[in-house]
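Engineer: Just dropping this structure here.
Values quoted throughout were computed directly from the atomic coordinates according to the rules given, and no laboratory measurement underlies them. Note that the structure is predicted; figures quoted are calculated from it, not measured. Cβ placement follows ideal geometry from the backbone for every residue including glycine, while neighbour counts extend to all protein chains displayed.
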Amino acid sequence: MKKILLMETKLHLRDWPILAFGLVLPIGLLLGLGQIPDLGKPDPNLGGARFVDAQLPAQMILLALMTMSFTALPGVLTAYREQGVLRRMSTTPVHPGRLLGAQLVINLAVAAIAAVLVIVLGALVLGSHVPANLIGFVLVFLLGAAAMLALGLVIASVAPSSKAAPGIGSVVMFPLLFLAGMWLPREIMPDALRTISDYSVVGPFVNAMRDTWAGDWPQLPHLAVMLVGLALFGGLAVKLFKWE
Amino acid sequence: MNVIEVENLHKRYPNHVAVHDVSFEVSEGEIFGILGPNGAGKTTTVECVSGLRVPDGGAIRVAGIDPHRERDHLRRVLGAQLQSSALPEKIKVWEALDLYASFYPDPADWRELLERVGLGAKKDAMFGKLSGGQRQRLSVALALVGKPRIAVLDELTTGLDPQARRDTWELVEQVRDSGVTIVLVTHFMEEAERLCDRIALIDAGRVVAVDSPAGLIERVGGEQRLRFRPSAPVSDAVLLALPEVTDVSRSGQQMVVTGKGNLAHAVTMALADQQVIPGDLRIEQATLDDAFLALTGRKLA
């Protein structure tokens, strides 16, 4: 397994633009949006906190997770399926599931690096807060990452080709970003929209993240929605995933 | 000794039956060909033998192992090079071999294997940059890296230029000489005739015949034709008296002698007795294509 992971990491580094995208997009947006003066002012919608304090970094971490889960992961897996990489491996004593595992680990690692960079650069450049409840933060991050990666596997399963996969990923990504409050903060969403957002996995993810920023523990309903999402996407991925 | 036994294999897909009824046996150390037109069920058959698909009926034994129930055990005795299976574009040749070697408990020395398949100079090249022939060589090496007793090679030379094809044939013979039993799937008559000790002719999911290439040709008559220009007049009766000869005809200066068995030798000896030299001697033989046509009523390619 170590060798597969090492090899897949090497291959990813040779295809570095995909990885770079997962890092550059959230960090660039963080620093770019952070320059908008209004976002640096206390916002009554956020209970007097500034948008850049927790909301913006939490959303950028979600963006990093989504970029890796919905475009990078399905792109590689569908290409591997198309080229017969998984089929080739299934003739050996090692199940191609290991390759899948390596892919999940690598994409998770890149998203984690992006999260650390978002937090550190946010704090240094924009004066953002850092998650006060670090254990809670890691828990929420891992749970959200698992749910997003599972949804990414579903995309990899249903995408008809490696060319179509990132496109389908984007189609899934943008409504979810919207529901997470990327363009319209959840606090000023109409009630119906906010209810949808409450059950969208990403809404609770951003909320739970913000709670850990404030030093609180994530709320059980938020964790419960994410767990249900993980079970649902995970189950679908297991059912739909095709090795060849 | 049989290393592979396939009995009444049957495999259905949702919309069609890929393999109706296929039975054959492969003996240790031979190159066994599975020959048939596209869509005959060749690949499905070897996929079942390789434990990649579960048969709907029949029994398969590979070195005494049930490929479906004992997948892990099978993987250690059987290496496969399958159609439409490849590697990531940016993996280097040595990395692929090193990685695949790590999948087996007691792998072959991949450095030596690399030399053996003639890719020593391409060690650091990326898979995506290799030519078709080089990819197939690497693929053969990967199939052998686990030191299998049996190697399944599916459509090994499809899409290769004639030179690369001949080089690959040589490689296959080398592999057999090293003691590995080979199951070769092909739709090239020439390839099967040149490489295989025995062939299963498959058409529309059924085995039409299992025999050596010469045996298959013999079955459809095995008729040969000699054409030559005799240096002096010869009477038909002299040649018709030979047991090998069935017919003699003439067209202009040319004689056409039809027959079986060791025809060329018998006729040239008889002509020598008459002090006649056969000029422009040509031998025409039936081919596997003819055998397939006669056995199935359809053309192979």
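Engineer: How much of the DSSP beta bridge set in segment B:2-217 is antiparallel, as a percent to the nearest 5?
Structural biologist: 50
Engineer: Work out the mean other chain Cβ neighbour count within 10 Å for the residues of B:50-58 and drop it here as an integer.
Structural biologist: 1
Engineer: Turning to a different aspect of this structure: Enumerate by residue number the trypsin sites (Lys or Arg not before Pro) in segment B:208-301 meeting two conditions: DSSP loop (anything except H, G, I, E, B), and at most 13 other Cβ atoms within 10 Å of the site's Cβ.
Structural biologist: Passing both the DSSP loop test and the Cβ count: B:ARG298, B:LYS299.
Engineer: Please go through the residue pairs A:LYS163/B:LYS129; B:LYS11/B:LYS122; A:LYS239/B:LYS147; A:LYS242/B:LYS299; A:LYS10/A:LYS41; A:LYS163/B:LYS92 and name each one whose alpha carbons sit more than 32 Å apart in this structure.
Structural biologist: B:LYS11/B:LYS122; A:LYS239/B:LYS147; A:LYS242/B:LYS299; A:LYS10/A:LYS41, as the Cα separations exceed 32 Å there.
Engineer: What is the order of A:MET66, A:MET189, fewest Cβ neighbours within 10 Å to most?
Structural biologist: Ordered by Cβ neighbours within 10 Å, fewest first: A:MET189, A:MET66.
Engineer: While we're looking at this one, here's another question. If you count, for each residue, the other Cβ atoms within 10 Å and average over each peptide, how do A:158-168, B:194-204 line up from highest to lowest?
Structural biologist: B:194-204, A:158-168
Engineer: Oh, and also: Shielding by partners for B:86-93, please: the mean number of other protein chain Cβ atoms within 10 Å of each residue's Cβ.
Structural biologist: The shielding value for this peptide is 6.
Engineer: OK, next. Taking the Cβ of each residue in A:HIS95, B:HIS16 as the centre, tally the other Cβ atoms inside 10 Å and list the residues starting with the fewest.
Structural biologist: Neighbour counts put them in this order, fewest first: B:HIS16, A:HIS95.
Engineer: Using the alpha-carbon centroid of each, what span in Å lies between segment A:128-176 and segment A:181-244?
Structural biologist: Answer, in whole Å: 11.
Engineer: Please list, in order along segment B:155-170, the HN-Hα scalar couplings obtained from phi with the Karplus expression 6.51 cos²θ - 1.76 cosθ + 1.60 (θ = phi - 60°), rounded to whole Hz, x for Gly and Pro.
Structural biologist: Couplings: 6, 5, 10, 4, x, 8, 6, x, 5, 4, 5, 5, 4, 5, 4, 4 Hz.
Engineer: GNM on chain B, C-alpha springs below 10 Å: top fluctuator among B:GLY205, B:GLY29, B:GLY259?
Structural biologist: B:GLY259
Engineer: For peptide B:96-108, what's the mean number of Cβ atoms from other chains within 10 Å of each residue's Cβ?
Structural biologist: Shielding by partners across B:96-108 averages 3.
Engineer: Within 14 Å, Cβ to Cβ, of A:PRO131, how many net charges do the neighbouring residues add up to if Lys/Arg are +1 and Asp/Glu are -1?
Structural biologist: That sum, taken over residues with Cβ under 14 Å, equals -2.
Engineer: What relative contact order, as a whole-number percentage, does segment B:223-285 give when Cα pairs under 8 Å and 6 or more residues apart are counted?
Structural biologist: Answer for segment B:223-285 is 49 percent.
Engineer: Tell me the mean residue ellipticity at 222 nm calculated for chain B from its helices only (DSSP H runs of n ≥ 4, each -39500 (n - 2.57), averaged over every residue, nearest 500).
Structural biologist: -9500 deg cm²/dmol
Engineer: Each residue of segment B:65-78 in turn: what ³J(HN,Hα) in whole Hz from Karplus with 6.51, -1.76, 1.60 and θ = phi - 60°, glycine and Pro shown as x?
Structural biologist: Using θ = phi - 60°, the values come out as 9, 7, x, 7, 6, 10, 3, 4, 5, 4, 4, 7, 10, 10 Hz.
Engineer: Using the alpha-carbon atoms, what tilt in degrees (0 to 90, nearest 10) does helix A:164-179 show relative to the longest principal axis of chain A?
Structural biologist: Once rounded, the angle reads 20 degrees.
Engineer: Given the protein assembly as shown, what percent of its DSSP beta bridges are antiparallel, to the nearest 5?
Structural biologist: 65
Engineer: Tell me whether segment A:133-206 comes out rounded, prolate or oblate; compute the Cα gyration tensor, take square roots of the eigenvalues as a ≥ b ≥ c, and use a/c under 1.5 as the rounded threshold.
Structural biologist: It is oblate, given that a/c is not under 1.5 and a/b is not larger than b/c.
Engineer: Which whole-number percent is the relative contact order of chain B (Cα, under 8 Å, 6+ apart)?
Structural biologist: Over chain B, the number comes to 19 percent.
Engineer: Let me ask something else about it. Hey, fewest Cβ within 10 Å first, where do A:PHE205, A:PHE51 land in order?
Structural biologist: So the residues, fewest neighbours to most, are A:PHE51, A:PHE205.
Engineer: Anyone know which of B:PRO230, B:PRO37, B:PRO55 comes out most mobile in the 10 Å Cα GNM of chain B?
Structural biologist: Comparing B:PRO230, B:PRO37, B:PRO55 in the GNM, the peak value goes to B:PRO230.
Engineer: For chain B, modelled as a Gaussian network with Cα springs under 10 Å, which listed residue fluctuates most, B:ALA18, B:ALA164, B:ALA232?
Structural biologist: Greatest mean-square fluctuation among the candidates belongs to B:ALA232.
Engineer: So what are the three principal axis dimensions of segment B:223-285 from its Cα atoms, in whole Å, longest to shortest?
Structural biologist: Between the extreme Cα coordinates on each principal axis of segment B:223-285 lie 25, 21, 16 Å.
Engineer: Report the percentage of all Cα-Cα pairs in the protein assembly as shown whose separation exceeds 32 Å, rounded to a whole percent.
Structural biologist: Cα-Cα pairs of the protein assembly as shown separated by over 32 Å account for 58 percent.
Engineer: Restricting to Cα pairs below 8 Å that are 6+ residues apart, what does the relative contact order work out to for chain A? Please round to a whole percent.
Structural biologist: After rounding, I find 26 percent.
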